[in-house]
1. Among the residues of segment 623-642, how many are part of a helix (DSSP H, G or I) and either in contact with a helix residue (DSSP H, G or I) (Cβ under 8 Å, 6 or more places away or on another chain) or crowded, with 23+ Cβ neighbours inside 10 Å (or both)?
2. Listed residues Ala103, Ala116; which is surrounded by 14 or more Cβ atoms within 10 Å (Cβ to Cβ) and at pLDDT below 80?
3. Can you tell me how many residues in segment 623-669 are at positive phi and touching a strand residue (DSSP E or B) at 6+ places or on another chain (Cβ under 8 Å)?
4. For Gly651, are the conditions met, namely being buried (at least 22 other Cβ atoms within 10 Å of the Cβ), in a helix (DSSP H, G or I), modelled with pLDDT of 95 or more and not charged (D, E, K, R)?
5. Within segment 569-594, which residues are open to solvent by 10 Å² or more (accessible area, probe 1.4 Å) and aliphatic (A, V, I, L, M)?
6. Quick one: is Glu29 of a type in the set (D, E, K, R) and either surrounded by fewer than 19 Cβ atoms within 10 Å (Cβ to Cβ) or more than 17 Å from Ala102 (Cβ to Cβ) (or both)?
7. Considering segment 334-383 alone, what residues qualify as being aromatic (Phe, Trp, Tyr) and surrounded by 14 or more Cβ atoms within 10 Å (Cβ to Cβ)?
Amino acid sequence: MSALITPELVALDTHLGSEPKDVIRRLAELVVESGRATEIEALYADALAREAKTATGIPGGLAIPHCRSSAVLEPTLALARLSTPVNFGSKDGPADLVFLIAAPEGADQEHLKILAKLARSLMKKDFTAALRDASTAQQIVELVGNVVAPVPVAAGAHAAGAAENANAGTGPAQTGAESTSRGRIVAVTACPTGIAHTYMAADSLVAAAKAVGVDLQVETQGSAGVTPLDPAVIAAADAVIFAVDVDVRGRERFAGKPVINAPVKRGIDEPGRLIEEALAAALNPNARRVSGTVDLGGASNEKSEHLGQKLKRALLTGVSYMIPFVAGGGLLIALGFLFGGYAITDIADDVVLNNSLFNLPDGGANLLGGFGVYLGAVLFKIGALSMGFLVPALAGYIAFAIADRPGIAPGFVAGAVAGFMGAGFLGGIVGGLLAGVVAMSIARISVPRWLRSLMPVVIIPLIASIVASGLMFLVLGGPIALLTVGLGNWLNGMTGASTVILGVILGLMMAFDLGGPVNKVAYSFAVAGLGAASLANQAPWQIMAAVMAAGMVPPLAMALATVIDKKLFSLSERENGKAAWLLGASFISEGAIPFAAADVFRVIPAAMLGAAVTGGLSMAWNITSKAPHGGMFVFFAIDNFLLFVLAIAIGTVVSAFAVVGLKRYAVRKPAVVDAAPVNA
């Protein structure tokens, strides 16, 4: 492994310009001149783009511009000690020590861990002081080398400290009476490149927590890998800090916890204030909480995940990214029906292509005339096009969950093939899994250094698309399409009691895990059929109505239960109950999660009972919904709306009295009941 820095990459006591872009460009030139990158403009553009996302100045007169770039051949550090400090956005003033960290697109884990270790070392005042005192470039190189590859030391206090610094995952748990006197906090840090800010914020938070006697543990979601927090540690935490500039991976693990959201840079600049805000949130029943699913099995390290856990994680990722396409598209289709009438499905294409606001079509019996028909056609067509992304988006992000960014393109292509062949929702799942597995397998192949930068952007997407989509065309697409058609025919042929049983099953699934994989399978099953619905085939609309109505019951029931018997619920739960009215009315099942997290074995069965009743009634009364989301607020898209409301009300009452009864009379462990109101 070559050195990260050489004397040629060090510029001492020099003026490189008055703005960050000037300094970054000069450091990029040093990297290229040393033979570690191929193109100045590409590296400079990537570093400048990262700088535009978040200023890289940090307290102590430091700046750490950094990026991943296809122009970089090997992980590199370039350093400038400026004679004239430049403002990189730190609150305490301009920076005189500027480090450019340049990593290849396909940097291996060992190099990324070293870069992360170096970034963490910049938080140590003795290290930065030594860099300022160094008289030659060679001394700088030696100082950096000692940090990233320290000489082994004898066992003792210093060795223990070195071991602690080597930990790239979590901050050490504090022990003793002092550490728990002010509470327990967990945190997640993450930045777009995952090289520097991620780890520096983690170290700043741990140090600040230790100074005020708070037990804090951090999960760093960076390029050097992720070591997830122990589920028991998360469960015991009073609050969570998300110091991130990107999405939190595994966010559902923290469901129900009071949360402080902040940019990752604030974790470096103001760690003490973040901790104080988290402690205050833990004591505030109205504090914002993490939404998500109840993970009854707990989170685990991806390396130790069994196949079922991996499939669950991939499916949930795919569905979560698919839902915005479905929700927006479905509502637009419903609005298209509202303005254009049900016949709009037959004329929408012709109207949007051949008419305009200045050339309106024949209005016929439409209340708004030609304008209503034209508006309905436009809305319907936009919605239909959005719904067309359902299967590709599902497959693309299933593949993304397995193989990260290189899996997205093969997944989308495999999903498009599944849609083309009529394999639908099931084909999208299979295609996404295939694309993800193939992309991940190719990524693990060891290739020469010159080829690494091409792997994630050209080679992996190309080969994975050919293999996954080829298998869909040649082997799997046809049988899955036949299965999909058969399932649709079976549903269309259901009448009487069989439809009620289907509604009961869908209701049980919607309440089983409140947004988890079972809930998402039922929901995806419903929305996947909307495209085939029509006046002659209303079964998909009936299924959608049953799923939406059943999904509204759990939060509404918990809200009602807190009104029926307040003494059974903590102050925090009663406050959550007020919010659950609106969440339930909006078809956000996750509104019941805080209740389930505190008392899962009473809340979930009660919620399932009421949701099953609502699902069965919805199907029995032939209620239909042309919108896939929105709850009470899409009343215009729901036929038999009063019966829809009545079915929800009956299920809500059943679940509410069931949870009250279980809390009053079911045998329970005191520790479980008392756990929820600790912070109230």
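1. Qualifying residue count, segment 623-642: 8.
2. Numbers: Ala103 fails: at pLDDT below 80.
Step by step, each of Ala103, Ala116 is checked, and only Ala116 is surrounded by 14 or more Cβ atoms within 10 Å (Cβ to Cβ) and at pLDDT below 80.
3. Here is the first cut: in segment 623-669, the residues at positive phi are 630-631, 640.
Subsequent filtering for residues that are touching a strand residue (DSSP E or B) at 6+ places or on another chain (Cβ under 8 Å) retains 640.
Count: 1.
4. Judged against the criteria, Gly651 is a match.
5. Residues satisfying the conditions are Leu571, Ala579, Leu582, Leu583, Ala585, Ile588.
6. So Glu29 passes the test.
7. So the first thing to find is which residues in segment 334-383 are aromatic (Phe, Trp, Tyr), and the list is 337, 339, 342, 358, 371, 374, 380.
Of everything in segment 334-383, those that are aromatic (Phe, Trp, Tyr) and surrounded by 14 or more Cβ atoms within 10 Å (Cβ to Cβ) turn out to be Phe337, Phe339, Phe371, Tyr374, Phe380.
A quick yes/no check of all residues on (1) out of contact with any helix residue (DSSP H, G or I) (no Cβ under 8 Å at 6 or more places or on another chain); (2) open to solvent by 10 Å² or more (accessible area, probe 1.4 Å); (3) at pLDDT below 90:
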{"position": "Leu79", "(1), (2), (3)": "no, no, no"}
{"position": "Ser83", "(1), (2), (3)": "yes, yes, no"}
{"position": "Asn87", "(1), (2), (3)": "no, yes, no"}
{"position": "Asp92", "(1), (2), (3)": "yes, yes, yes"}
{"position": "Glu110", "(1), (2), (3)": "yes, yes, yes"}
{"position": "Leu122", "(1), (2), (3)": "no, no, yes"}
{"position": "Phe127", "(1), (2), (3)": "no, yes, yes"}
{"position": "Ala130", "(1), (2), (3)": "no, yes, no"}
{"position": "Gln139", "(1), (2), (3)": "yes, yes, no"}
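The values are calculated or read from the model by the stated rules, or taken from the named source; none is laboratory data. Everything quoted here is computed from the prediction, not taken from an experiment. FYI the Cβ positions are ideal-geometry reconstructions off the backbone, even for glycines, and counts take in every protein chain you see. All accessible areas refer to the heavy atoms of the entire protein, side chains included, with ligands and DNA or RNA removed. Shrake-Rupley method; radii C 1.70, N 1.55, O 1.52, S 1.80 Å.
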